[in-house]
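Reviewing the structure listed below.
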Amino acid sequence: MTRFTSILLIAGLFCFSLAKAQTEVSLQINHKLGDAPFEMLSTSSNNMGLEFQFDRLEYYISNISIQHDGGTSTAVEDLYLLVDAGEDTQVDLGSYDIESIEGITFSIGVDEDVNHGDPSLWAAGHPLAPQNPSMHWGWAAGYRFLAAEGMAGDAMTQGFELHGLGDINYQQDGVQLEATAMEQDGKMLIQVDADYSNVLFNIDVSQGVISHGETGQAKRGVENMVANVFTGIVEEDINVAIQDLPLNDQFSVYPNPSDGPVTFALKVENSYCVEGTVEVLDATGKIVQSVALSSGAKSVEMETSGLYIVQLKQHGQLKASKKVLIK
């Protein structure tokens, strides 16, 4: 074997190792109203104390970029998301040579180059293809960046509609979030909380609002999506908060990982009986199981694979928190 051939072989093996190092990255949006999981027709209030209910909330995300490994930015090419707040949102962003994730940026809406195209040219099922109800306003204006509809006012009798659109309202890298990734099923999962009560930040819906277009309250709704709705989840901050919980050392969850059966245990110290409630939350923050627990142990069966948060509460106050992986 010649020296040149050896170099080529080593280079080939090196490239192969780089390819093998690539990791799938996913984005999960946790839909919320305040601290509660989002539900259509659920009553919430905005920062002005005005109550409302959503019966439609859809929006576009584009121009996604991942920040990783000490400030490197990698764009997710040609990906457009049509997000429905009433449905679970977890989407694959692709595979990348990434070791640690530090943040994510994205825009609300559709970029100008695509905004004025023909929706019928996209394949059925694509986010930019024709939708029902429609997310396209017309050739000149393009897509609805945001469609937020519902009821407000006394006895929920006042309807509101915010349909925000227009190239002027498209902010490049408008949403910029610090976020780290959790490992889930061999993937790196970026989680983002979206508090949709802030879609109506400083918007008076008490008498009903109908605003369609590039200006007025429709414009403010899009601006609120960019500035006030999203928060990245940073793993280190979660772990620090968990370490400070008063019963974290006495509370255990095992086996972890598990094929299904999980036991929650609370130690007895000085024969003092500590009672509480154990809540199991899925990745969206939804409570999937709740059981009473006193000092001792309680076993439950977990049927769906995934990463869960297990919280011990006393009188509604969080006292301990653990993570458990169901395979």
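In the set 109, 138, 125, only one residue is small (Gly, Ala, Ser) and over 30 Å from residue 233 (Cβ atoms); that residue is 138. Screening 184, 191, 172 for residues that are modelled with pLDDT under 95, farther than 18 Å from residue 56 by Cα and surrounded by 20 or more Cβ atoms within 10 Å (Cβ to Cβ) leaves exactly one candidate, 191. Evaluate the range 88-99: report whether one residue or more is touching a Gly at 6+ places or on another chain (Cβ under 9 Å) and surrounded by 15 or more Cβ atoms within 10 Å (Cβ to Cβ). No, every residue in the range 88-99 fails to be touching a Gly at 6+ places or on another chain (Cβ under 9 Å) and surrounded by 15 or more Cβ atoms within 10 Å (Cβ to Cβ).
Summed over the range 29-41, residues that are surrounded by fewer than 14 Cβ atoms within 10 Å (Cβ to Cβ) and either over 19 Å from the mean Cα position of the chain (by Cα) or of a type in the set (Lys, Arg) (or both) total 1. With the condition kept exactly as written, say whether any residue in the range 107-124 is in the same structural domain as residue 67 (by TED's automatic domain parsing) and assigned to a strand (DSSP E or B). Checked the range 107-124: at least one residue is in the same structural domain as residue 67 (by TED's automatic domain parsing) and assigned to a strand (DSSP E or B). Among the residues of the range 225-252, those that are within 30 Å of residue 68 (Cβ to Cβ), outside any helix (DSSP H, G or I) and modelled with pLDDT of 85 or more comprise 230, 231, 232, 233. Might you check whether a residue that is part of a loop (DSSP other than H, G, I, E, B), more than 20 Å from the chain's Cα centre (by Cα) and aromatic (Phe, Trp, Tyr) occurs anywhere in the range 156-176? Yes, that holds for at least one residue.
The values are calculated or read from the model by the stated rules, or taken from the named source; none is laboratory data. Here the structure is a predicted model, which is why all the values come from computation and not from measurement. Here the Cβ is made from the backbone with ideal geometry for all residues, glycine too, and neighbour counts use every protein chain on show.
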